[in-house]
Amino acid sequence: MKHTYHPLLPDVTRILARQPAPNFADGLTTATHLGKPDYDLALQQYNTYIEKLRGLNLEVTVLDADADFPDGHFVEDPVIVYGDMAFLCRSGANARRKEPQSLVSHLHGLRVIPLQDETAFIDGGDVLFCADRVLVGISERSNLAGATALHRALQTVKADIRLDCVSFSGVLHLKSGLTEIAPSVMLHDPALKTDYALDWAEVIELPSAEGYGADVMPVNDTIFISTGFPTVRQVAEKYYQNIIELNMSEFQKMDGALTCLSLRY
Ligand code: GLY
């Protein structure tokens, strides 16, 4: 199947995910104003997410929950997969530093490159693969040394890959507030503040009340969007025939969104 909208990325054939643990509400969050998440409802939402991915004929692996990692179901943060390469991150958040190692034995067939520079840190949630470049958010979770180490690792797959650093504030991860829904068409949550020039793209400013909807997840010719964001839905309909809309309320309470819950490669 052709990867229609994100040419820099190979087609997705495999999904790696991990079930949320019963203590997932002990994870890190800045969204305490949304209240405490409900585990049963979170599991329901999670199972629907996985079921929809399985429906796309992908090889889907779901690891058992691990109570040592209350944020461990956000598997997109500890590892970045590109081509045959899996880059092991080192989060700016101490509490998440052991997650990459816990996934290594599940990265079958991938060349694992650990981040070795001890001054470097990076979370996969800050890494956005666009049609012609990779954006790395410089944040509390990711720094320039982390971006540089990732760039070197990506170059082992594609020597001329372009990587731009995007200093931002206002949201946790870059992808919390900025994703690319179609080549050079970006969805932007106005809560994310940056001086980075997005003049190479068409930027769709979401209304503030729809900011959370900015995290959309393209999987080959399908787009996953969160329920309750009409502007996002309208844009998705312009570019995709296959739209999967999911309620993510319990993960939103833990600063998580669609992309955080899986590794897609
Ligand atoms: N709860 C997601 C994170 O803070 O990393």
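All of the numbers you see were taken from the coordinates with simple rules; none came from a lab. Only a predicted model underlies this, so the values are computations on that prediction, with no experimental measurement involved. A quick note on method: Cβ atoms are made from the backbone with ideal geometry, for glycine too, and the neighbour counts reach across all protein chains shown.
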* Structure fact -> In deg cm²/dmol, rounded to the nearest 500, the helical mean residue ellipticity at 222 nm of the chain, built from -39500 (n - 2.57) for every DSSP H run of length 4 or more, is -5500 deg cm²/dmol
* Sorted from largest down, what three extents in whole angstroms do the Cα atoms of the stretch 109-194 have along their principal axes? -> 36, 29, 22
* Roughly how many nanometres apart are two label points built 7 Å out from the Cα toward the Cβ at D221 and D132? -> 2.5
* What value does the stretch 147-196 have for Rg/Rh, both radii from Cα atoms and Rh as Kirkwood defines it? -> 1.03
* To do: Springs between alpha-carbon atoms under 10 Å, Gaussian network over the chain: tell me which of K253, K238, K98 tops the mean-square fluctuations.
  => K238
* When the chain is modelled as a GNM with alpha-carbon springs shorter than 10 Å, which of D26, D123, D189 fluctuates the most? -> D26
* **R0 of 25 Å, Cβ-Cβ distance K238-Q155: FRET efficiency to nearest 0.05** => 0.15
* Structure fact -> For V79, other-chain or 5+-apart residues with amide H closer than 5 Å (H placed, Pro excluded) are C89, G124
* To do: Kindly write out, for the stretch 84-99 in residue order, the coupling ³J(HN,Hα) from the Karplus curve 6.51 cos²θ - 1.76 cosθ + 1.60 (θ = phi - 60°), rounded to whole Hz, with x marking Gly and Pro.
  => 9, 10, 10, 9, 8, 7, 9, 6, x, 9, 3, 4, 10, 5, 8, 5
* To do: Would you please give the residues with an amide H less than 5 Å from that of V185, counting only those at least 5 places away or on a separate chain, with H modeled from the backbone geometry?
  => E202
* Amide H within-cut-off set for A31, under 5 Å, with H built and near neighbours excluded -> D255
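Remind me, what semi-axes does the stretch 82-228 give for its equivalent ellipsoid, largest first in whole Å, using sqrt of 5 times each Cα gyration tensor eigenvalue?
Sorted largest first and rounded, they come to 25, 17, 16 Å.
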* Structure fact -> Once phi for every residue in the stretch 200-209 is put through the Karplus expression 6.51 cos²θ - 1.76 cosθ + 1.60 (θ = phi - 60°), the whole-Hz ³J(HN,Hα) values, with Gly and Pro written as x, are 7, 10, 8, 10, 9, 7, 7, x, 3, 5
* To do: For the chain, go through all pairs of different Cα atoms, get the mean of 1/r, take its inverse, and jot down that Kirkwood value in Å.
  => 18.2
* **Extension gain, E118 back to E59 (0.36 nm per residue minus Cα-Cα distance, nm)** => 17.8 nm
* Asked: Considering only the chain, what is the antiparallel percent among its DSSP beta bridges, to the nearest 5?
  -> 45
* To do: Mind telling me which of C89, C165, C130 comes out most flexible in a GNM of the chain, alpha-carbon contacts under 10 Å?
  => C165
* Beta bridge orientation in the stretch 133-241: antiparallel %, DSSP, nearest 5 -> 50
* **Calculated FRET value between N23 and D199, using beta carbons and R₀ = 41 Å, to 0.05** => 0.40
* Go through the stretch 14-27 residue by residue and turn each phi into a ³J(HN,Hα) via Karplus (6.51, -1.76, 1.60, θ = phi - 60°); whole Hz please, and just put x for glycine and proline. => 10, 10, 10, 9, 9, 4, x, 8, x, 8, 5, 6, 7, x
* Asked: Rule-of-thumb check for the stretch 39-129: C-alpha Rg over 2.2 N^0.38 Å?
  -> 1.15
